[in-house]
Amino acid sequence: MARHVLSSTTLKRLEQPAPFWIDGKPVRSGRTVSLCNPATGQSFAECHVSTGHDVDQAVAAARAAFVNPDWAGMNAAVRARILWRLAELIDAHAIELAELETLCMGKPIAAAMRMEVPFFAETFRYFAGWCTKISGMSAPLSFPAGDLHGLTLQEPVGVVGMILPWNGPLVIAGWKIAPALATGCTCVIKPAETTPLSLLRFAELAAQAGVPDGVINIVTGSGSEVGSAISRHPGVDKLAFTGSTGTGRALLQDAAASNLKKLSLELGGKSPVLVFDDADLDAAVDGAVDAIFGNSGQVCVAGSRLYLHKSIRDDFVARLTEKANALRIGDPMDEKTQLGPIASQAHLDAIHRRVEEGVAGGAVLLCGGRQADSPGSYYPPTILDVADQSNVLVQDEIFGPVLCVATFESEEEAIALANGTRYGLAASVWTSQIDRAFRVSRAVQCGVFWVNTHNIPDLGTPIGGYGQSGWGRELGHLGLSEYLQSKSVMFKISPAPMSAGRLQ
Ligand code: NAD
C-alpha cells in the first residue's frame, strides 16, 4: 500500500489553531473549534472562529480595498499577471493544499493532487486571460440624435460575499474568487465550517502573489452566525453561494431584507444519466460508475439517477454492481483509494436515513446500503432499483454514493423521467446516434449536458442550474459577467468644424 506521508510543512501548520484572514493579516479570535478527520473520526486540528464583529471588519477592509487605487485603478495587464502568479504559487504548494483538503473532507489524496488542486490553479490562469478582455461597446444609437455618442462600460459589482460548501473547498472557491479578482471586485469569503484550512493557506499565497491587502478576506464559523452576518450585511453588494437549495432560499430572504444585494446561487441537483440500447455499453457502465461514485457522490452534478433502456437493464445492472463492489473504499491517504469517507458522521447518518426511507417506500437494494463497522465515516457504493419516481431517493438530493436505477422504453419516456424532479443542474445521454443525442440534449431541462460522458466540467463552459438548481452561471464568459455591471454613458459632443488647415 502506497500511503501518503504528510509533509513536514503541514504537520507544523497543524500544531497551532489556524487563524482566519482579514485585511492581509492573520486574525486570532481566541475562540477555536476542533476539526475532525472523517477518515478516523478524530480531531486533527483547530481553527479560530470569527464573530459578527469580524465580518464587519472584513467587509470594511474589502470596501476600502475596492476603492483603493492600488486595486481599483490597477492596469488590467498587471492584474492578469497577479492572477497568473497566484496560479503558479498554487501549483508550487500543491502537496500542502491537497493534504489539507484530504484531512478536512476525506477526498482521496490522489484525486486532490491530480484534479482538485490543478483545476483550482488553472481557474486563475483562465480568468487571468480575461483581465485584458473586459470591455463595453460603442453603441449605435436608435434615435437620430445629432451629436450624441453612446458607449457602455463594464464595472465590477463591488464587495462580494462568498459562502462555500465543503465538497470541493478549493475548486468551488476558485470559480468565484478568480472572476472576482479579474473584474476588480473584493471578497469576504466563508468556507464551510469543516473545511477552512486549504482556503486559509490560499489567502497567504494570494498575498505573496501581490493581491493587495483587503481584497481577499476569509472568515470562519457557522452558517447561522457568520454566514448570515455576510448575507444580511448592507455593505456586501453581491452574494455568490454554492450549497443546498434550502440555504439558497434563506439567502434570498436575507438579501431582500437587507440591501437587495445581487445573488448567484449554485444549488443542489439530482442529475439523470440516460443509457440507450445503441450506446457503447462498456463505456456507459464505466461512465455511470464514475458519475455517481467520484468524491463518494458528494458532487453537485453527480449522476444519481440512472435510466436504462429496458432491453439492456439486466446485463447493465449486473456489470454496474460488479464494478461498484470492486471500488477501493478506505483511507483517503492511501494513493490507491478510490472512495474515501463521507465528509462527516452527521452527513453519513443523513445518507443512511434516506436510504432506509427509500427502501421503506419500495426501493430494492442491489448493493451496499450499510454503514461500515469501522472508525471513520465510510459508506459503501449503494445501488437501488427504484421504480416509483415519487420515491424520496429519486426526488431528493442525497449527496452521497447512492444511485437509483429505473428503466424506460422510448425516447419520450426517457426525457420525461429525466425532467421529473424540481432540479435541473446536469444530465448525460449515452447513445451512438448523433441525432438522438442532439434531440435529447435539447429536451432535457438542465444547465449542463454531456453526451457519452458525465461530470467533465471545463473552465470555458459555464455551469449552473435550471429550475431549483440555482440562479446564474459560473465559469466561462457568463461566469465572469456575474461580477460585472454595465453602465451606459451618453456624450453630447459638438464636433469642431474641420478646417482645410487641420488636414494639411
Ligand atoms: P449548505 O447549504 O448546508 O452549506 C453551504 C454553506 O452555507 C456553508 O458554508 C454553510 O455554513 C453556509 N450556511 C448554512 N446556512 C446558512 C445561512 N442560514 N446563512 C448563511 N450561510 C449559511 O450546503 P453543504 O451541505 O455545505 O453543501 C452541499 C450542497 O451544496 C449540496 O446541496 C450540493 O448540491 C450543493 N453544491 C452545489 C454545487 C453547484 O455548483 N450547483 C456545487 C457543490 C455543491
Notebook entry, point to check: Which value, in Å², gives the accessible area per residue of the stretch 294-394 when a 1.4 Å probe is used on the protein heavy atoms?
Noted result: 42
Item checked: Area of residue 494 that stays accessible when all protein chains are in place (1.4 Å probe, Å², to 10) -> 90
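Nearest 20 debye, what's the magnitude of the dipole of the stretch 272-451 about its Cα centre given +1 on Lys and Arg Cβ and -1 on Asp and Glu Cβ?
Dipole about the Cα centre, nearest 20: 320 debye.
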Next item on the list: Round to the nearest 10 and report in Å² the accessible area of residue 450, as given by a 1.4 Å probe over the protein chains' heavy atoms.
Entry: 20
Check: So how far apart, in nm, are the two label points at residue 365 and residue 225 if each is 7 Å from Cα heading toward Cβ?
Finding: 3.9
Checklist line | Peptide ranges 198-206, 474-482 listed from the most packed, as the mean C-beta count within 10 angstrom indicates | finding: 198-206, 474-482
Next item on the list: Could you give the C-alpha radius of gyration of the stretch 272-451 expressed as a fraction of 2.2 N^0.38 Å, taking N as the number of residues it contains?
Entry: 0.99
Check: Using the Cα atoms as the points, what is the convex hull volume per residue of the stretch 354-504 in Å³?
Finding: 241
Checklist line | Gain upon complete extension [residue 9, residue 318; 0.36 nm per residue less C-alpha separation] | finding: 106.6 nm
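Keeping the other protein chains in place, figure out the carbon and sulfur percent of the accessible area of the stretch 272-451, with a 1.4 Å probe. Spell out each step's value before the answer.
On the way: 3550 of 7120 Å².
Looking at the stretch 272-451 in its full context, I get 50 percent from C and S.
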Next item on the list: Treating the Cα atoms of the stretch 372-461 as identical point scatterers in vacuum, please give the log10 of the normalised Debye intensity I(q)/I(0) at q = 0.24 Å⁻¹, two decimals.
Entry: -1.39
Check: What spacing in nm lies between the two simple spin-label points modelled at residue 487 and residue 373, each 7 Å away from Cα in the Cβ direction?
Finding: 6.8
Note to self: Through the Karplus equation 6.51 cos²θ - 1.76 cosθ + 1.60, θ set to phi - 60°, convert the phi angles of the stretch 397-405 into ³J(HN,Hα) values in whole Hz; use x for Gly and Pro.
What the structure shows: 6, 9, 6, x, x, 10, 10, 10, 10
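Just order 397-406, 27-36 by mean Cβ neighbour count inside 10 Å, highest at the front, would you?
Ranking the peptides 397-406, 27-36 by packing returns 397-406, 27-36.
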Checklist line | Among 233-243, 123-133, the order from most to least packed when residues are scored by Cβ within 10 Å on average | finding: 233-243, 123-133
Checklist line | Helix axis angle, 345-360 relative to the chain longest principal axis, alpha carbon, degrees | finding: 50
Notebook entry, point to check: How high is the FRET efficiency between residue 387 and residue 67 when r is their beta carbon distance and R₀ equals 51 Å, given to the nearest 0.05?
Noted result: 0.30
Check: Taking Rh as the Kirkwood radius computed over C-alpha pairs, what is the Stokes-Einstein D of the chain at 25 °C in a medium of viscosity 0.890 mPa s, expressed in µm² per second?
Finding: 102
Check: Using 7 Å Cα-to-Cβ label points, what is the residue 259/residue 34 separation (nm, one decimal)?
Finding: 3.9
Check: Charges only on Cβ, +1 for Lys and Arg, -1 for Asp and Glu: so what's the dipole of the chain about the Cα centre, in debye to the nearest 20?
Finding: 1560
Check: If you bin the C-alpha pair distances of the stretch 227-344 every 5 Å from 0, what whole percents do you get?
Finding: 2, 10, 16, 14, 12, 11, 11, 9, 7, 6, 3, 0
Next item on the list: Evaluate E = 1/(1 + (r/R0)^6) for residue 147 and residue 16, where r is the Cβ-Cβ distance and R0 equals 45 Å; express this FRET efficiency to the nearest 0.05.
Entry: 0.10
Next item on the list: Apply 1/(1 + (r/R0)^6) to the Cβ-Cβ distance of residue 416 and residue 25, taking R0 = 60 Å, and write down the FRET efficiency to the nearest 0.05.
Entry: 0.60
Notebook entry, point to check: Taking 0.36 nm per intervening residue step and subtracting the Cα-Cα distance, what contour gain separates residue 114 from residue 345 on full extension?
Noted result: 80.5 nm
Check: In percent, how large is the relative contact order of the stretch 125-180, given Cα pairs closer than 8 Å and 6 or more residues apart?
Finding: 31
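The values are calculated or read from the model by the stated rules, or taken from the named source; none is laboratory data. What you are looking at is a predicted structure, and each value in this text was computed from that prediction instead of being measured. No Cβ is skipped: glycine too gets one built from the backbone with ideal geometry, and neighbour counts run over all protein chains shown. To get the accessible areas, we keep the full protein, side chains included, count just its heavy atoms, and leave off ligands, DNA and RNA. Shrake-Rupley method; radii C 1.70, N 1.55, O 1.52, S 1.80 Å.
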